[in-house]
1. Say R0 is 35 Å: what FRET efficiency, to the nearest 0.05, do Asp234 and Glu53 get from their beta-carbon distance?
2. When all protein chains stay in place, what accessible area (Å², nearest 10, 1.4 Å probe) is found for Met128?
3. Considering the dipole of the chain built from charges on the beta carbon (Lys and Arg +1, Asp and Glu -1) around the Cα centre, which of Tyr136, Ile11, Val84 is farthest to its positive end?
4. What distance in nm lies between label points placed 7 Å from Cα along the C-beta direction at Ile257 and Glu131?
5. Distance in nm between label sites at Lys68 and Lys42, each 7 Å beyond Cα in the beta-carbon direction?
6. Rounded to the nearest percent, how much of the accessible area of the chain (1.4 Å probe, protein heavy atoms only) is carbon and sulfur?
7. Can you tell me the 0 to 90 degree angle between the C-alpha axis of helix 310-322 and the longest principal axis of the chain, rounded to 10?
8. Which value, in Å³ per residue, describes the convex hull spanned by the Cα atoms of the stretch 1-76?
Amino acid sequence: MQDHQQKTVVILGIESSCDETGVAIYHSERGIIAHQLYSQVKVHQEYGGVVPELASRDHVRKLMPLIKTSLDEAKMSPEHIDAVAYTQGPGLIGALLVGACGAKALAMAWDKPAIGVHHLEGHLLAPMLEEKSPEYPFLALLVSGGHTMLVDVKALGDYEIIGESIDDAAGEAFDKTAKIMGLDYPGGPLLAKLAEKGDGSEEKFPRPMTDRPGLDFSFSGLKTFAANKVYASDKSEQSLANIAEAFQQAVVDTLVIKCKRAIKQTGHNRLVVAGGVSANLSLREKLAELMSKHGGEVFYPRHEYCTDNGAMIAYAGYCQFVAGNKDKGQEIQVNPRWPLSEAMTSQLGR
Ligand code: KG4
Ligand code: ZN
């Protein structure tokens, strides 16, 4: 371990858990030196959601070219790479297998270790790629299309989930509400943009599960509430914008109220916000307000590291490498339902 900390470490990272093929190279002194991302959004758009089989096939097409481009971008050849990190879970099984197969095959051919990384650990650690980087311990709000959770992050691999959604994730609620409004997939950012045109005249939406103690979330009722508003409206752009505004404010307020409680409960004064929904400007504004009131700080990944990407996997792989963790066997295994609390225990028994 001492050795690893002293010498330069270069990690190739592969993300393929859902509908983005991401490849990046992390250099321990220079940071991210290659970052390639291919979004399958166009492939899935006409179906209004991710089609797992199409996702797997598209990863197969894109993975190797992106690895080649990444090596070229970093001006690196395989002998410079110390390990190949890949998303081992959670995610779509076929999509994960594509990244895992590619990573394990390269690791074997290059005679380097492979490191299976937890996708959510990647999101949690992504703000550490920024100049303003959080130190452990911190509170993390993870808000993506698949997850909404509050995590007490004590150290690398020491993650306690203290609150999570009992139904839809925040991003999922954004996407489903946007779909009802007739917006394209993924609708979250489009709904947020439409909300900017709201005139504040829509009635206030409920703030689910804030009237009782606890840190869990529920967003599916809010989505239904918004749907009923859409059906009852004249569907003009202004009416939809007003509904979008009220919906967004309800989601954002709910997240902020729970963050405030979690800060009180844990005593942390550092808040990390990660996952696709952390790109939401209204959420950022309100969380900045909250943390400045508490004399604390908020940390975000830059925009391109908020949604799924290879940089966060390369960085999480680097952290695991330095901690002495790597896959033990050659067999290829992924874990589509890997609990974050078990992030240090890879499927391959590290
Ligand atoms: O982390 P991510 O790329 O993928 C998952 O692992 O889910 O998150 C994607 C989610 C989608 O639901 C998308 O609609 C949402 O993040 N999202 C937003 C915004 N930008 C992306 N939701 C609300 N406002 C945004 N500006
Ligand atoms: Zn994600």
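The values are calculated or read from the model by the stated rules, or taken from the named source; none is laboratory data. Just so we're clear, the structure is a prediction, and the values are computed from it rather than from any experiment. Please note: Cβ atoms are built from the backbone with ideal geometry, for glycine as well, and neighbour counts cover all protein chains shown. The area values use the complete protein model at the heavy-atom level, side chains included, leaving out ligands, DNA and RNA. Shrake-Rupley method; radii C 1.70, N 1.55, O 1.52, S 1.80 Å.
1. Working: r = 39 Å, r/R0 = 1.12.
Plugging the Cβ-Cβ distance into 1/(1 + (r/R0)^6) gives 0.35.
2. Per-residue accessible area (Met128): approximately 30 Å².
3. Tyr136
4. Placing both labels 7 Å beyond Cα along the Cβ direction yields 3.8 nm.
5. The answer from the label model is 2.0 nm.
6. Details: 7540 of 14800 Å².
Here it works out to 51 percent.
7. 50 degrees
8. Numbers: hull volume 7.5 nm³, N = 76.
Each residue corresponds to 99 Å³ of Cα convex hull volume.
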